[in-house]
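A.B. asks: Sharing a structure, written as structure tokens. Questions coming.
The values are calculated or read from the model by the stated rules, or taken from the named source; none is laboratory data. Just so it is clear, the structure is predicted and the values come from calculations on it, not from any experiment. Every residue, glycine as well, gets a Cβ built from its backbone with ideal geometry; the counts of neighbours run over all protein chains shown.
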Amino acid sequence: MDIILIITSAFAAISCLYISVIMFSNKGRLFVNSLSYLLLLFSISKFIDIGNVIVNKSQFLYYLNISYNNFQEYFVSFLSLLVPVLCLKFFTDHWKTKLNKKQRFVLLFLPPIITILISFLFEKIYYSTIIYVYYQLIGLLSLFLLMKNRKYFIQISVFDLLFAVIITYNMFTFIAYYYLFINDVYLSNSILIVQPLGSVPLGTDNSGGIIKLLLNFILIVLPTYILLKPNLLYGDYFFNADIARSKSESKNNHWSSSKNKQILKKDLRLYKEIKLDISSIIFKIIKVEKNYINNKLIIYKIENIALLVDENTKVVEFIFNYHNNLSFSKYMIKINMLKAGQLIESGYLKQNSVNDLANMFGYSSRSAFYSKFKEFNDSAPSQY
């Protein structure tokens, strides 16, 4: 069991670190404020676990004046209090209802503070039970917030992932505590319901090994699932196979979750109001863009887009101004040419001429249409 725990801990540490680094480096990510930090903390925790095997503990004690086991327990204890907070933080970051600083503090930090204060009212042997109740309450609250905002999370294509994560979270905490209960170790002065690797010397009776192995398995499967779903890392636009895009477009994508220029003073107030929702607004605009390219709806002006994404026109204008590399007129030309390419792929030229296609998009000059089409599709209409 020991060697399996060490190997799976190493895989879990590397997997979590790899995905968190990708999320931090990609400015179009959805989960930067929660999941990426959570995975990073789990990765550090697992590397500290592995340190039980490779670190010279006597030298560690000599140089840092703290035993490695105590250092490990303090960090994992800190992580155990922070995990539920980060789970809730995702929902506050992506909540349509704006929360002020006081409301955020109450929602995120009051539960762990109350938990710590309550623990002082009871004997130390009840710490594990108090933490378990804290975990379950946060898990149920997270599930409630997810279901309450279900339509929104379905719209940004993350509902299934979040539902699976929250259910796994609740089931794991229940199984971990149940395992402590049946082994008569639920009365403990430790706040950990899963003891870190090495808390029991290697080669001895590792009663919590199965729970540790289950946690490692979860921390390997979750990053692997995210890695296999690149839209969760980079956004739906970059990996949606329904949109036929040219090599030119892939290299010069016009959308960016990071601003492309300094925000003017007159726009700062609006920016502060929508900054946490910018990625999701861009995502909604991209879905409209996709449907337009696939000939499922009509767009003439920016007000049409604002209506379709259910946002104020000023918000959409802000997004185009600071997060699109093209002017709106240039943007319309580009998606019109991509739409023309989609029509050709669906067989439009079998019954119509290139002139008919040019006229559809308002081009009376065949050469002007050819030039614009080739600019965004890398070939002339007849060669496409």
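A.B. asks: Which pairs do you get when a residue that is of a type in the set (A, V, I, L, M, F, W, C), found in region 131-142, comes within reach of a residue that is crowded, with 16+ Cβ neighbours inside 10 Å and at pLDDT 85 or above, reach meaning Cβ atoms under 8 angstrom, with the pair 6+ apart or on two chains?
C.D. replies: Listed pairs, sorted by first residue: LEU140/ASN170.
Residues are listed down the side, and each one gets a yes or a no for (1) part of a helix (DSSP H, G or I); (2) modelled with pLDDT of 80 or more:
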position: PHE11; (1), (2): yes, yes
position: PHE42; (1), (2): yes, yes
position: VAL53; (1), (2): yes, no
position: TYR63; (1), (2): yes, yes
position: TRP95; (1), (2): no, no
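A.B. asks: Return yes when LYS372 is exposed (fewer than 15 other Cβ atoms within 10 Å of the Cβ) and over 25 Å from SER257 (Cβ atoms) and no when it is not. Full working, then the answer.
C.D. replies: Values: exposed (fewer than 15 other Cβ atoms within 10 Å of the Cβ): no; over 25 Å from SER257 (Cβ atoms): yes.
So LYS372 does not fit the description; no.
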